[in-house]
Amino acid sequence: MIEKLRNIFITGLTQAFGKNITFIEPLIVPASNAKFGDYQCNVALSLGKTLKQPPRSIAQTIIDNINIDNIADFCEPLQIAGAGFINITIKPKYISQQINLVYQDERLGVVKTDKPQTTIVDFSSPNIAKEMHVGHLRSTIIGDSIARILEFRGHEVLRLNHVGDWGTQFGMLIAYLRLEKPEVLTTANAVEIGDLVTLYKQAKLKFDRDVEFQETARNEVVKLQSKDAESIKAWTLLCEQSRKEFEVIYRLLDIKLTERGESFYNPFLPQVIEDLETANILTEDQGAKCVFLDGFVNKEGNPLPLIVQKTDGGYNYATTDLAGLKYRVTQDKATRIIYVTDAGQSNHFTQVFQVAKKANFIPDNVDLVHVPFGLVLAEDGKKIKTRSGETIRLKDLLDEAIIRSKKDLENRLETEGRNESEDFINQVSKIVGLSAVKYADLSQNRTTDYKFSFDKMLALQGNTAPYLLYAYVRVQGISRKGNIDLNNLISDDNIILTEDSELVLAKHLLQLDFILQEVEKDLLPNRLCLYLFELSQKFNQFYDQCPILQAEEKVKLSRLVLADLTAKVLKQGLSLLGISVLERM
């Protein structure tokens, strides 16, 4: 619909102002309020300064130059409101026709992009020998949702897990394990990940206090970098043990990733330094090799460098990221590279992107995007921690969500006098608990912090996963109650939209394509969450106000189509958030 209107308004704009303006984007968007119609054209306001005319006058000129015959079959007469908005109201008959088309379309009216890109989404990124904690939640969930939406839109997506699996910390850990627990370095599964984390902390403590051990650790790093067989075997065992623990989380959250850790790019780091020298942007400063960047200064106002090789010859995160960028462009042939990390790394990526462009690593057709996100906070507004002050393990957080979901379900079943099997209770508890955590995160604007509350996210009312899941379940309940197989429901061309709640629901159902295109551009999954929440609200109003099974046959069929299409859109939308639906709750 928006594309149809856009083309009509471009023709009208060209007819009216073509001599003065080379190209005009008509700015068609869904109306902010239903009383203004269904869509708005806001271009008159933006043209006011350019044309030095009142926006309302410009709006009238645009309407005068639109061929009425092009819109009369689907649109009511255009109206000008406020400062110069053009309000557009779609005729119910046309909405009915579009609902019928969308209902018969397996993609629910969502077109595939006509400009598919090879896209890399870099997300999750835990560290070897450390447990995934609550801080990994947002990157993992947001990155997965972005990847799902881009895939559905028709892009080729490579989901990369840039695992921290290389560097001086491994020399330190291996050296400590040789002294304190040598069996870990020779035998698979010789230590649990929790114990490995404890050993890592002990190794760091010894490294900070023991000068002799520091030298031992540095020698271990040299052995590791020189591919000493014994050291590589020890490192491999540590990586494999950590991967098993990561996989438990990824299976639980239904996350699919391709691991390509820091070690993968290690062989390419010397070439990065050579490339920066060739580009004549490398500077040696106090023994370190670095690049000075535009717009970055320290507290004293002096230029702030990005260090790419330390005084001891070692490399750092920036060097690895530069090598990764170059590889992703030259080998993966990516034209859009998306990094999903916390907002604290914004400066880092701004610097890395600038260096990569200065070094000519990035062709003009490649888009680099940092997707920052805020913190997950406790309800008191502070960082989430255990009573002992430790960062909460992500596995514990997810398990707690399932336990609480199960308790809520058992209480509800007892209140309702329902008897359900243990398998049913476990399945529903798991899906609702995990969905609640995912949705609570994704429904927030990712750029801000949010407060984590089990009570709020598990509530059956409000903008929560259980509320959306319950709307889907309601449709399945209609099917069971009426003994209707919705999979074999056949819609005719006469979708009846006489009640306000029918029309409001139908119009909202037709906006999925627009919403996904918006998320594709701005990478804000909360837009999809809001759309699905409002869809659930509109469906519940329709359900309460419009009898379905009791209606006469043609109206009944029409309302069943609306209900089933709502369920299909909810299921598809939730799947793009990484959330499964339930037939019963």
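Testing Gln271 on (1) out of contact with any strand residue (DSSP E or B) (no Cβ under 8 Å at 6 or more places or on another chain); (2) at pLDDT below 95; (3) part of a helix (DSSP H, G or I), one condition comes back false. Which one is that?
Going through (1) out of contact with any strand residue (DSSP E or B) (no Cβ under 8 Å at 6 or more places or on another chain); (2) at pLDDT below 95; (3) part of a helix (DSSP H, G or I) one by one, Gln271 breaks only (2).
Counting just the residues of segment 174-208 that are among the charged types (D, E, K, R) and over 26 Å from Tyr315 (Cβ atoms), which one comes out surrounded by the most Cβ atoms within 10 Å (Cβ to Cβ)? Reasoning before the result, please.
Of segment 174-208, the ones among the charged types (D, E, K, R) are 178, 180-181, 183, 192, 195, 201, 204, 206, 208.
Next cut, over 26 Å from Tyr315 (Cβ atoms) only: 180-181, 183, 192, 195.
On the way: Glu180: 12, Lys181: 15, Glu183: 9, Glu192: 11, Asp195: 12.
Only one residue tops the list, namely Lys181.
Scan segment 80-100 and give yes if some residue there is among the hydroxyl-bearing types (Ser, Thr, Tyr), in a loop (DSSP other than H, G, I, E, B) and touching a strand residue (DSSP E or B) at 6+ places or on another chain (Cβ under 9 Å), otherwise no.
At the first step, the residues of segment 80-100 found to be among the hydroxyl-bearing types (Ser, Thr, Tyr) are 89, 94, 96.
Retained after the next criterion (residues that are in a loop (DSSP other than H, G, I, E, B)): 89.
Keeping just the survivors that are touching a strand residue (DSSP E or B) at 6+ places or on another chain (Cβ under 9 Å) gives 89.
Yes, some residue in segment 80-100 is among the hydroxyl-bearing types (Ser, Thr, Tyr), in a loop (DSSP other than H, G, I, E, B) and touching a strand residue (DSSP E or B) at 6+ places or on another chain (Cβ under 9 Å).
Which condition breaks for Phe373 when tested against (1) modelled with pLDDT of 95 or more; (2) surrounded by fewer than 18 Cβ atoms within 10 Å (Cβ to Cβ)?
In the conditions (1) modelled with pLDDT of 95 or more; (2) surrounded by fewer than 18 Cβ atoms within 10 Å (Cβ to Cβ), Phe373 misses (2) alone.
Just checking, does segment 410-418 include any residue being part of a helix (DSSP H, G or I), closer than 18 Å to Ser575 by Cβ and modelled with pLDDT of 95 or more? Outline the logic, then answer.
Step one: filter segment 410-418 for residues part of a helix (DSSP H, G or I), giving 410-416.
From what is left, the residues that are closer than 18 Å to Ser575 by Cβ are none.
No: segment 410-418 contains no residue that is part of a helix (DSSP H, G or I), closer than 18 Å to Ser575 by Cβ and modelled with pLDDT of 95 or more.
Just give me the residues in segment 25-60 being in a loop (DSSP other than H, G, I, E, B) and either over 31 Å from the mean Cα position of the chain (by Cα) or touching a residue at least 40 places away in the same chain (Cβ under 8 Å) (or both), in sequence order. Let's see the steps before the verdict.
The initial filter retains those residues of segment 25-60 that are in a loop (DSSP other than H, G, I, E, B), namely 25-27, 31-33, 37-38, 42, 52-54.
Selection gives Ala31, Gly37, Asp38, Asn42, Lys52, Gln53, Pro54.
Restricting to segment 323-364, and then to whatever is in contact with an Asp or Glu (Cβ under 6 Å, 6 or more places away or on another chain) and under 24 Å from Val519 (Cα atoms), can you tell me which residue is surrounded by the fewest Cβ atoms within 10 Å (Cβ to Cβ)?
To start, the set of residues in segment 323-364 that are in contact with an Asp or Glu (Cβ under 6 Å, 6 or more places away or on another chain) comprises 336, 339, 352, 359.
Filter again for under 24 Å from Val519 (Cα atoms), leaving 336, 339.
Working: Arg336: 17, Tyr339: 26.
Step by step, filter segment 323-364, then rank; the result is Arg336.
Here is a check on your reading of the model: is Ile174 in contact (Cβ under 8 Å) with a residue 60 or more places away in the chain and more than 34 Å from the chain's Cα centre (by Cα)? Show your work before the answer.
Working: in contact (Cβ under 8 Å) with a residue 60 or more places away in the chain: yes; more than 34 Å from the chain's Cα centre (by Cα): yes.
Taking the combined requirement at face value, the residue satisfies it.
When you look at Leu293, is it hydrophobic (A, V, I, L, M, F, W, C), outside any strand (DSSP E or B) and surrounded by 16 or more Cβ atoms within 10 Å (Cβ to Cβ), yes or no? Break it down stepwise before answering.
Details: hydrophobic (A, V, I, L, M, F, W, C): yes; outside any strand (DSSP E or B): no; surrounded by 16 or more Cβ atoms within 10 Å (Cβ to Cβ): yes.
No, not satisfied.
Closer than 25 Å to Pro116 by Cα and out of contact with any Leu (no Cβ under 6 Å at 6 or more places or on another chain) - does that describe any residue in segment 531-551?
Here is the first cut: in segment 531-551, the ones closer than 25 Å to Pro116 by Cα are 531.
Going one step further and asking which of them are out of contact with any Leu (no Cβ under 6 Å at 6 or more places or on another chain), we end up with 531.
Scanning segment 531-551 turns up at least one residue that is closer than 25 Å to Pro116 by Cα and out of contact with any Leu (no Cβ under 6 Å at 6 or more places or on another chain).
So which residues in segment 391-445 are farther than 30 Å from Ile193 by Cα, in contact with a Phe, Trp or Tyr (Cβ under 7 Å, 6 or more places away or on another chain) and among the hydrophobic types (A, V, I, L, M, F, W, C), if there are any at all?
Within segment 391-445, none qualify.
Say whether the condition of being part of a helix (DSSP H, G or I), basic (Lys, Arg) and either within 30 Å of Ser429 (Cα to Cα) or touching a residue at least 24 places away in the same chain (Cβ under 8 Å) (or both) is met by at least one residue in segment 235-250.
Initial filter on segment 235-250 (part of a helix (DSSP H, G or I)): 235-250.
So of that shortlist, the ones also basic (Lys, Arg) come out as 243-244.
With either within 30 Å of Ser429 (Cα to Cα) or touching a residue at least 24 places away in the same chain (Cβ under 8 Å) (or both) added as a condition, the list becomes 243-244.
Scanning segment 235-250, I find at least one residue that is part of a helix (DSSP H, G or I), basic (Lys, Arg) and either within 30 Å of Ser429 (Cα to Cα) or touching a residue at least 24 places away in the same chain (Cβ under 8 Å) (or both), so the answer is yes.
Please tell me if Asp423 is without any contact (Cβ under 8 Å) to a residue 12 or more places away in the chain, in a helix (DSSP H, G or I) and exposed (fewer than 12 other Cβ atoms within 10 Å of the Cβ).
Working: without any contact (Cβ under 8 Å) to a residue 12 or more places away in the chain: yes; in a helix (DSSP H, G or I): yes; exposed (fewer than 12 other Cβ atoms within 10 Å of the Cβ): yes.
Spelling it out, Asp423 is indeed without any contact (Cβ under 8 Å) to a residue 12 or more places away in the chain, in a helix (DSSP H, G or I) and exposed (fewer than 12 other Cβ atoms within 10 Å of the Cβ).
Among (1) of a type outside the set (Phe, Trp, Tyr); (2) assigned to a loop (DSSP other than H, G, I, E, B); (3) in contact with a helix residue (DSSP H, G or I) (Cβ under 8 Å, 6 or more places away or on another chain), where does Pro372 come up short?
Just one mismatch for Pro372, condition (2).
Collect the residues in segment 153-183 that are modelled with pLDDT of 95 or more and part of a strand (DSSP E or B), keeping them in residue-number order.
Within segment 153-183, Glu156, Val157, Leu158, Arg159, Leu160, Asn161 meet the criteria.
Quick check on my filter: what residues within segment 392-420 are polar (S, T, N, Q) and either outside the structural domain of Asp449 (by TED's automatic domain parsing) or in contact with an Asp or Glu (Cβ under 9 Å, 6 or more places away or on another chain) (or both)? Reasoning before the result, please.
Here is the first cut: in segment 392-420, the ones polar (S, T, N, Q) are 405, 411, 415, 419.
Listed by number, the list is empty, since nothing qualifies.
The values are calculated or read from the model by the stated rules, or taken from the named source; none is laboratory data. Because the structure is predicted, anything quoted here is derived from the model rather than measured. Using ideal geometry, Cβ is built from the backbone for each residue, glycine included, and neighbour counts are taken over all protein chains shown.
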